[in-house]
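J.: Take a look at the following structure, please.
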Amino acid sequence: MKVVIGLAAASLFVAVAADPLRAEPLQSVEEVSTALGQCWTPPAGIRDSFVTLKFGFRGNGTLMGPPQPTAIRVTGDADQRKAFVAAATAALQNCMPMEFSPELAEEIAGNVFTLQFYSAD
């Protein structure tokens with residue numbers, strides 16, 4: 001499983017590890033990416049697929065609105081495509097609220113992020 005989160009022109013690639021969820025506030029965008037990746041479980045039976053979601057955070061760790069798909073490549077039929085996008089959206093929403101350090105909350109609040117959710121290949 002892989003997720004990619006990007007902010008503005010910078011983006012980073014993260015391979016999700018099986019680290020336990022953090023008890024302390026998140027300190028960096030990299031830590032946010034890892035935490036979001038731990039919320040993602042790709043739907044079974046869908047391979048060679050991804051969806052990119054666009055979203056923003058409030059300083060309190062909640063989403064500014066519903067995530068919006070910006071790029072979708074899902075192998076399979078329309079139902080599989082819909083299921084994959086719904087699973088990615090639900091994973092992001094179910095990961096909320098996140099707990100940010102005061103510095104991180106100030107840095108990322110209101111910025112636009114993109115996050116790519118990949119199938120398990």
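We did not get these values from a lab; they are worked out from the coordinates using the rules stated. Predicted model, so just to flag it, every value in this text is computed and none were measured. In this analysis, Cβ positions are derived from the backbone assuming ideal geometry, glycine residues included, and neighbour counts consider all displayed protein chains.
J.: At what distance in nm do the modelled label points of ALA86 and GLU24 sit from each other, each positioned 7 Å from its Cα along Cα→Cβ?
T.: Here the modelled spin labels are 4.0 nm apart.
J.: May I pose another question? Report the GluC sites (Glu not before Pro) located in region 72-112 that are in a DSSP loop and have at most 16 other Cβ atoms inside 10 Å of their Cβ, or state none.
T.: Counting only loop positions with at most 16 other Cβ atoms within 10 Å, the GluC sites (Glu not before Pro) in region 72-112 are GLU99.
J.: Can you tell me the relative contact order of region 28-80? Whole percent, Cα pairs under 8 Å, sequence separation 6 or more. Spell out each step's value before the answer.
T.: Values: 48 pairs, mean separation 17.8, N = 53.
That works out to 34 percent.
J.: For ARG47 and ALA78 in the same chain, what is the full-extension length gain: residue separation times 0.36 nm, less their Cα-Cα distance, in nm?
T.: Additional length available on full extension: 9.7 nm.
J.: Between GLU99 and ALA120, what is the FRET efficiency for a Förster distance of 30 Å, r being their Cβ-Cβ separation, to the nearest 0.05?
T.: 0.60
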